[in-house]
Amino acid sequence: MQVISTVAEMQQVARRARQLGQTIGCVPTMGALHAGHGSLIEASAAVHAVTVTSVFVNPTQFGPSEDFDSYPRMLDADIATIERCGGTHVFAPSIAEMYPGGYTTKIRLDGVTEVLEGAHRPGHFDGVATVVCKLLMAMQPDEAFFGQKDYQQTLVVRRLVEDLLIPVTMTVAPTVREANGLAMSSRNAYLSTEERHRAAVLYRALSSAADIVTAADQDVSRHAIENAMLRELHTVEDFSVGYAVAVDADTLLPADTYHPGDRLALLIAGTLGTTRLIDNVLVTV
Ligand code: AMP
């Protein structure tokens, strides 16, 4: 497996693969890889001769009071994981490589970036859109793999790819969970064993709300769904709710009432102790 640290070499590898008639899949990550990332790498490796996993903790998507400095970094372990999952290349650039001195270009999307994570983390999606665009320019994949775990991010990247005419197919893979339902996340490393037990409340809340939505054979009110989530979330000590919402799965906008056939995203964000957690499920009334 090849570890690449410069954009020039990455683009050269992509060019050579293309000349050989090989297709390229890519998995953008911030490292500290777990089985969720692994599932994306395996999905790509099943289809593409070349699977590039990028490992880059992107400074521009962190707010000033967020965890950029303390974000877990473990490139050697990540390289072993990527190899085990069938990846062929690791792209691990430096910050200077991704943001050359004097850079001023940023990508900003309207609409789906303005709510939920976008409202709670100002500038976050500008950083995400900018780095995803740069990573796609560097890796030049035919197909890019993302996790439903970051559902709003998948909508942002879809919009970006469509708006900028980027020639890549986007594939979203299901959220991989611990046995107790907790969505795997690099940030779970911040949780104690006891907190990991309590953090399962997010999935319990999503599941009980999803049951209400799928059981409904007539209109269902947003309040009923959101109250079911909040009831469950409030059973756990030290969990501070950022949002717990039932919104249209495409626009992320709320309606008072949902009708049979409506496709909804149920999304929760909050802080357990000092660790911010997010999770979601998709469900049809
Ligand atoms: P991150 O390293 O957190 O930026 O995540 C890199 C990619 O892995 C993103 O597309 C995430 O949505 C995806 N991902 C993170 N956690 C999971 C999970 N538990 N299951 C599936 N995909 C995930």
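Read-outs throughout are calculated quantities, based only on the coordinates presented, and are distinct from any laboratory measurement. Treat the numbers as computed from the prediction; the structure is a model and nothing was measured. Virtual Cβ from ideal backbone geometry, glycine too; neighbours counted across all protein chains shown.
Here r is the Cβ-Cβ distance between Ala49 and Thr274 and R0 is 51 Å; the resulting FRET efficiency, rounded to 0.05, is 0.75. Comparing Arg16, Arg108, Arg196 in a Gaussian network model of the chain, where Cα atoms under 10 Å apart are tied by springs, the biggest mean-square fluctuation is seen for Arg16.
If you plug the beta carbon distance of Asp76 and His120 into 1/(1 + (r/R0)^6) with R0 = 51 Å, you get a FRET efficiency near 0.95.
By the count of other C-beta atoms within 10 Å, a proxy for reagent exposure, Lys134, Lys106 are ordered fewest to most as Lys106, Lys134. Take the alpha carbon gyration tensor of the stretch 2-173, find the square roots of its eigenvalues, order them as a ≥ b ≥ c, and report rounded if a/c is under 1.5; if not, report prolate when a/b exceeds b/c, else oblate. Because its axes are fairly even, with a/c under 1.5, the stretch 2-173 counts as rounded. Separation of the stretch 223-285 from the stretch 67-99 is 31 Å, based on Cα centroids. Distance between the modelled labels on Asn180 and Gln22, one decimal in nanometres: 4.2 nm (7 Å Cα→Cβ projection). Only helical runs count toward this figure. For the chain, summing -39,500 (n - 2.57) over DSSP H runs of n ≥ 4 and dividing by all residues gives -11000 deg cm²/dmol at 222 nm.
Taking amide H as placed 1.01 Å from N in the peptide plane, Leu264 has its amide H under 5 Å from the amide H of Ala249, Val283, Thr284, Val285, each at least 5 places away in sequence or on another chain.
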